[in-house]
Amino acid sequence: MSKVKCDHCRLEFDKDVMIEETIDGQKRYFCCKGCQGVYHLLKSEGLDSFYDKLGDQALEPAKEVGEDLEKFDLEGFTKRYVKERPDGLREIHLIIEGIHCSACVWLNEKVLHKTPGVIEASINYTNNKAKVVWDPEEISLSQIIQTIRSIGYNAYPYDPALQEERALKQRRDYYARILLAVFATMNIMWIAIAQYVGFFTGMREDIKNILNIAEFALATPTLFYSGWVFFRGAYYGLKNRFINMDFLVATGAGLAYLYSIYAMITRTGEVYFDSVTMIITFVLVGKYLEVLSKKQAVDTIDSLLGSLPTEVVVVRDNEKALVSVENVEVGDIIEIKPGEKVVIDGVIVSGEGSFDESSLTGESEPVYKKVGDEVLSGSILLDSVIRYKATKDFSTSLLSNIADLLEESIAKKPYLERLANQISGYFSLAILSIALLTFIGWYWHTRSFETALIVAISVVVIACPCALGLATPMATLVGVGEALKRGILFKEAGFLETIAKADTLVLDKTGTITKGKPSVVGVEYFGEFDENIVYTLTEHSNHPISRGVWEYCKKRGFDKLLPIKDIKEIKAKGLEATIDTKQVVGGSVEFLKERGIDVKYEGENSVFAVAIDGKLAALYELSDELRERAAYAIGKIKEMGLDVWMLTGDNERTARKVAKQVGIENVKAKLLPQDKSAFIDHLHQKGKIVIMAGDGINDAIALACSDIAIAMGSGADIALSVSDVVLLDEKPIKIYEAIRLGRRVFLAVKENLALSLLYNVIAVPLAVMGYVNPLFAALAMSLSSLTVVGNSMRIKFFKV
């Protein structure tokens, strides 16, 4: 009975069971209704060129649409996996199952781009991870999944726990291939020793032939099973018109194998089966160690979400219930016990205890917290039982945000990495050309095909674009992980490179150099008034000065909120509103003067002045504490050669007082937000590379203007959103550590590039001259990659 291929999935079936259809005068065969439907869908959308790109590659038959689609639109699923964007769009990361090649990527992206409501769809071919952005008012996620399934693929949400499972499967696969390769290599080396001894002392031809066949039997599974990863990588590289390291390894080992078969059959020359197994074994072990190193480097990132509990104890109406973290709402009361990890941010309402925040800040010292204190997701309760009120949901809590930012940071490639990748592509082509010229030159010189081929194989095998390609990503990957351990979050790996080149540091005063929690140290009243007015006014501002006055009023018992309307906050100046029929203005001395109110102050502290119905009512003097080791950190930064500036909206005397305490000579006071950004632009005009560190709304514009923006972890949301680096531990010493780490990573990148280039400059000419045989070429190639990986791992031992 004749068999025919399905015109969609390319799988063969008996002709009698196929669905036959005539399309455009040609007979088409389909194994099922699903494949027939997909074929018509692609043809109607003008995407039938997919089959030309696919070639003879077989696909999974089109999947029937399952009944599980509704789960993708459930609230719990949306909270856990879907990101709500400020523009109203939604975003998700999916793993696409069934992708074999670039044609599959092309098809999925084309179909999704043509789907109404899908704004963006990009798929990473290396890990099958897709980023999809869509408009929920036009299309649902379940419809997007249905579209993917309708063309023969499947999709599920990206989950770190599942990624760990996939990584484990990959490691097991490598392990099995290495075991076979090592077994074959050890045995073939005993045979090779006998061959070499026989070469010098003499050996009967029939014994030599038996040994050759034994080597062939050991080399064949090594090449085609253990070495299959290189042939597969070479195939996909060629399919995408790119010559990669896999192609060089596959070419070198394949040519040595083919020539050895020829020598074995014709009984002319020597066989090189031992070199074949050595090439595959050494390079495969090197690649396996790279996989382990990369996994170790990103473990810090995936373990963030992978180790989190999926359920928490929620207390409602004095009854406890286990609730999925995705279903916890803002305002819910959560109970945690000793040893449990906080999953959702909140504020303690009952109990007190110590928390381990080392995974967030890098500080091993437990932090004591009581009622009213904030608890952060990722911290671990060490003692007692505590109940706290959720202030955020799971998707917007600190740990989820960190994981999202880290995911983005690793996806974005630094400039040096992009450059190295471009060079790697040309490098491989150049090596093949050199190898061809070497073969021609040696054949012309020696008239020996065997000698010329072996020298050319050595050239192909010894060259290592892999080391060049690993130089930047390996160092930055380790750098991002190490920074996180120290409580420093780089939003992009490329920012490590930029911060290393910076020559100027600009610091905001409040919240950066000082703790940002000023307290009232003195008050001058200019008449009697209801201080609840001041409490009501400052209630509507998040500025540290306003919060300090609010706390002072509350402590004195003035905590009654009065009727308020027409409230207006002028950034970096103050507030004005109508409170209980009175016109109230509060803020800096300059702000009140602008409103025509006569105010005089000659002291060195920060001031919050209040006027009621055009008359000065009170002057609140506030002082702020310096952050821990601020002077030491700034001193160390200056030792590194950076110019340090302090910018503040505060008065000149207060600014000079703080600057003197921490050793800063360059000060700019009484600055509005736009003045700060203008000053940074002025520094840019002088050719400076500027780091700006701040924590408030007033700093957002200046942060956006700087080359590297550093935000404090508890700062305003807008400051965090425009920043490039977030300090989870808010000590100024962390700014110094971030700069030092950036410089260490950048040094490692330059060392890696230098090592890989130096290796090739020395190794390739030696191979061309015939001083290196394929066996040592394979060993040298693996060692060059491992040297780059090892040098990058040294960053883990970096000390400030």
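The values are calculated or read from the model by the stated rules, or taken from the named source; none is laboratory data. Source: prediction; values computed, not measured. We place every Cβ from the backbone using ideal geometry, glycine too, and count neighbours over all the protein chains shown. Note: areas computed on protein heavy atoms with side chains; ligands, DNA, RNA excluded. Shrake-Rupley method; radii C 1.70, N 1.55, O 1.52, S 1.80 Å.
With contacts taken as Cα pairs under 8 Å at a separation of at least 6 residues, the stretch 545-584 carries a relative contact order of 27 percent. Take the Cα of Lys638, step 7 Å toward its Cβ, do the same at Val761, and the gap between the two points is 4.0 nm. Annotation note: GluC sites (Glu not before Pro) in the stretch 525-594 located in DSSP loop regions with a Cβ neighbour count of at most 10 within 10 Å are Glu528. Extending 7 Å from Cα along the Cβ direction at Thr391 and again at Lys686 yields two label points whose distance is 3.8 nm. Taking the accessible area of the stretch 530-571, probe 1.4 Å, and keeping the other protein chains in place, the carbon and sulfur fraction comes to 48%.
A Förster radius of 60 Å, combined with the Cβ-Cβ distance separating Leu382 from Glu205, puts the computed FRET efficiency at roughly 0.20. Too long at a 21 Å Cα-Cα cut-off: which of Lys341/Lys491; Lys638/Lys660; Lys515/Lys593; Lys131/Lys491; Lys389/Lys565; Lys83/Lys731? Flagged as over cut-off: Lys341/Lys491; Lys515/Lys593; Lys389/Lys565; Lys83/Lys731. The modelled label-to-label distance for the pair Lys3/Lys657, using points 7 Å beyond Cα in the direction of Cβ, is 8.8 nm.
Close amide H pairs (under 5 Å, H built 1.01 Å from N) link Val330 with no residue at least 5 positions away or on another chain. Set the Förster radius R0 to 22 Å, insert the Cβ-Cβ distance between Val315 and Val371 as r into 1/(1 + (r/R0)^6), and round the FRET efficiency to 0.05. The formula returns an efficiency of 0.90 here.
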